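The values are calculated or read from the model by the stated rules, or taken from the named source; none is laboratory data. Just so we're clear, the structure is a prediction, and the values are computed from it rather than from any experiment. Cβ: placed from backbone, ideal geometry, glycine included. Neighbour counts: every protein chain shown. The protein model used for the area step is the full one, side chains on, heavy atoms only, and it has no ligands, DNA or RNA in it. Shrake-Rupley method; radii C 1.70, N 1.55, O 1.52, S 1.80 Å.
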Amino acid sequence: MDKLSVGLLGFGTVGTGVVHLLTNEQEKFRQQTGTQILINKILVKDPDKIRKIDQYNQLLTTEPSDIVDNPEIDIVIEVMGGIEESRKHIHTALKNKKHVITANKDLMALHGSELLQAAANQGCDLYYEASVGGGIPILRGLTDGLAADRIKKLIGIVNGTTNYILSKMSHHSVSYEEVLQEAQSLGFAESDPSSDVEGLDAARKMVILSHLAYSIPVTLDDVVVEGITHVAEEDILYSKKLGYTIKLVGIAELDNGEIDVRVAPTLLPTNHPLASVDNEYNAIYVYGHSVGETMFYGPGAGELPTAIAVVSDLISVAKNMKHGINGQHIFLPQNEKKLKPADSIESQYFLRLHVKDEPGALSKITGLFNEQEMSLQKVIQEPIVSKKLAEVVIITHTTNQQRFEQIYQLLADLDVVIDVKSNYRVEGMN
Ligand SMILES: NC(=O)c1ccc[n+]([C@@H]2O[C@H](COP(=O)([O-])OP(=O)(O)OC[C@H]3O[C@@H](n4cnc5c(N)ncnc54)[C@H](OP(=O)(O)O)[C@@H]3O)[C@@H](O)[C@H]2O)c1
């Protein structure tokens, strides 16, 4: 096997990075794999588009079967995005016994099990390192580096757009709307940012991480998802005063065989390593039974960082081919799924309330917590003179979700409480 032939589905941001690496790092890859990796064809939508790299224009095609049915091609790299079309092309490629690499988190979160099963049936590789955390080798970190450990919990900042927005809101005291506009003009946020800001992109990545960390077939429907659109400047301001930072995090936790996976804006202590992950950077914090705490940090997207993950997968496929072990690294969920009930999901909570600015209001609120036997870790009260009311901000001690929901309702019904403005979980204390 002195030559390997690769077909690319897509020549956009990631595709361009992959072609760049395959062009400029040939010698390094040949040393690692003992073979030369050659680009055979590249699928695009618009063949007349001006490309950053134009030396492969003669390889462009708009016909997917030039790649997925091409007997000369050994490995297909799917970097076109979307779901149904790419799913169909990957199935065809696998049927034709081609190994597949994809960067497509949307596809892997929704149809990963089906595609992995198809790959296993065909004795083909299907790698997808770039689908979570861009250039951060987190999937390999879980399946190889931490393979011997039992993972208790993952906390991930896995969406660069929302991390950029919350970082800017926190460091420059600006509103969500202002930062979103700026992020869109700089290209850090899409013109339709809903999948990012509503938490769906992060939820999809948490599905992929949960499969690998726990070998449990979690689906998107199992993930509780809350985005960042309602995070107010006041929430960030009070969090800071109390020693916390708000981040959109994905959390996947396994306890007594029961799993909880969620994505939500969450308070982290400012001295927690994840609190200093700013702007478009990503990080995944892993709690293992034996290893303790580890953090995987790096660029979560971008042309070359993402391409590094894709081409590293390509090197794995080439090495597997050399040793005749393709399809043997497919990781299918082995464990039964049991979701954690609300009365065993534990957390601390942050609450921000608008209350009547009258004597005894605060003691009525703290009295309610006393009656309900829920202790408070921090309480601050500040008048909002212009509105003739006061703002009360509370951080509770650890409680379970069911108890918190009951107390939340009692608080909202209290005569001195005008409005419960926000509530977030507080993580990272243990
Ligand atoms: N960008 C990142 O930093 C990043 C990070 C991690 C994962 N990913 C994932 O990587 C994948 C690719 O992302 P990207 O940012 O590189 O996308 P992109 O810049 O939009 O590029 C998509 C490429 O696919 C081609 N394409 C799209 N639909 C097609 C169709 N129906 N038929 C033929 N060609 C088609 C486009 O052709 P034209 O060039 O002719 O338009 C383009 O070359 C996505 O799944 C994304 O989620 C991206």
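Among Ser131, Ser185, which is the only one that is within 15 Å of the ligand (Cβ to nearest atom) and either closer than 21 Å to Ile308 by Cβ or free of Cβ contacts under 8 Å to residues at least 40 places away in the same chain (or both)? Talk me through it step by step, then tell me what you get.
Details: Ser185 fails: within 15 Å of the ligand (Cβ to nearest atom).
Step by step, each of Ser131, Ser185 is checked, and only Ser131 is within 15 Å of the ligand (Cβ to nearest atom) and either closer than 21 Å to Ile308 by Cβ or free of Cβ contacts under 8 Å to residues at least 40 places away in the same chain (or both).
Of all residues in the stretch 270-309 being open to solvent by less than 70 Å² (accessible area, probe 1.4 Å) and aromatic (Phe, Trp, Tyr), which is nearest to the ligand (Cβ to nearest atom)?
My answer is Phe296.
Could you check the stretch 142-163 and list, in sequence order, the residues that are open to solvent by less than 10 Å² (accessible area, probe 1.4 Å) and touching a Phe, Trp or Tyr at 6+ places or on another chain (Cβ under 6 Å)?
Ile155
Determine whether Ile208 is in contact with a Phe, Trp or Tyr (Cβ under 9 Å, 6 or more places away or on another chain) and surrounded by fewer than 23 Cβ atoms within 10 Å (Cβ to Cβ). Write out each step before concluding.
Details: in contact with a Phe, Trp or Tyr (Cβ under 9 Å, 6 or more places away or on another chain): yes; surrounded by fewer than 23 Cβ atoms within 10 Å (Cβ to Cβ): yes.
Answer is yes for this residue.
If I filter the stretch 328-343 for residues that are open to solvent by less than 30 Å² (accessible area, probe 1.4 Å) and either assigned by TED's automatic domain parsing to the domain that holds Ala119 or over 22 Å from the mean Cα position of the chain (by Cα) (or both), do I get at least one hit?
no
If I filter the stretch 45-86 down to residues being acidic (Asp, Glu), part of a helix (DSSP H, G or I) and more than 20 Å from Lys3 (Cβ to Cβ), which single residue comes out as nearest to the ligand (Cβ to nearest atom)?
In this case the residue turns out to be Glu85.
List every residue pair whose Cβ atoms sit under 9 Å apart, with the two residues 6 or more apart in sequence or on different chains, where the first one lies in the stretch 62-85 and is in contact (Cβ under 8 Å) with a residue 24 or more places away in the chain and farther than 15 Å from His99 by Cα and the second, anywhere, is more than 10 Å from the ligand (Cβ to nearest atom) and of a type in the set (Lys, Arg).
Close Cβ pairs satisfying both conditions: Pro64/Lys88; Asp66/Lys41.
Between a first residue in the stretch 100-122 that is within 25 Å of Gly17 (Cα to Cα) and a second residue that is part of a loop (DSSP other than H, G, I, E, B) and within 16 Å of the ligand (Cβ to nearest atom), which pairs have beta carbons less than 7 Å apart while being 6 or more apart in sequence or on different chains?
These pairs meet every condition: Thr102/Tyr128; Ala103/Val79; Asn104/Gly81; Lys105/Val132; Asp106/Ile83; Leu107/Ile83; Met108/Tyr128.
One residue is enough: does the stretch 23-31 have a residue meeting the conditions in the same structural domain as His89 (by TED's automatic domain parsing), open to solvent by less than 30 Å² (accessible area, probe 1.4 Å) and away from the ligand (no atom under 16 Å from the Cβ)? Before you say what the answer is, go through the steps one by one.
Here is the first cut: in the stretch 23-31, the ones in the same structural domain as His89 (by TED's automatic domain parsing) are 23-31.
If we keep only those that are open to solvent by less than 30 Å² (accessible area, probe 1.4 Å) as well, we get 29.
Still in the list and also away from the ligand (no atom under 16 Å from the Cβ): 29.
Among the residues of the stretch 23-31, at least one is in the same structural domain as His89 (by TED's automatic domain parsing), open to solvent by less than 30 Å² (accessible area, probe 1.4 Å) and away from the ligand (no atom under 16 Å from the Cβ), which makes the answer yes.
Going by the structure shown, is Ile101 at pLDDT 95 or above, open to solvent by less than 30 Å² (accessible area, probe 1.4 Å) and outside any strand (DSSP E or B)?
On the way: at pLDDT 95 or above: yes; open to solvent by less than 30 Å² (accessible area, probe 1.4 Å): yes; outside any strand (DSSP E or B): no.
Judged against the criteria, Ile101 is not a match.
Cβ-Cβ distance below 7 Å, separation of 6 or more or different chains: which pairs start in the stretch 298-327 with a residue that is free of Cβ contacts under 8 Å to residues at least 40 places away in the same chain and end on one that is open to solvent by less than 40 Å² (accessible area, probe 1.4 Å) and within 16 Å of the ligand (Cβ to nearest atom)?
Cβ pairs passing all conditions: none.
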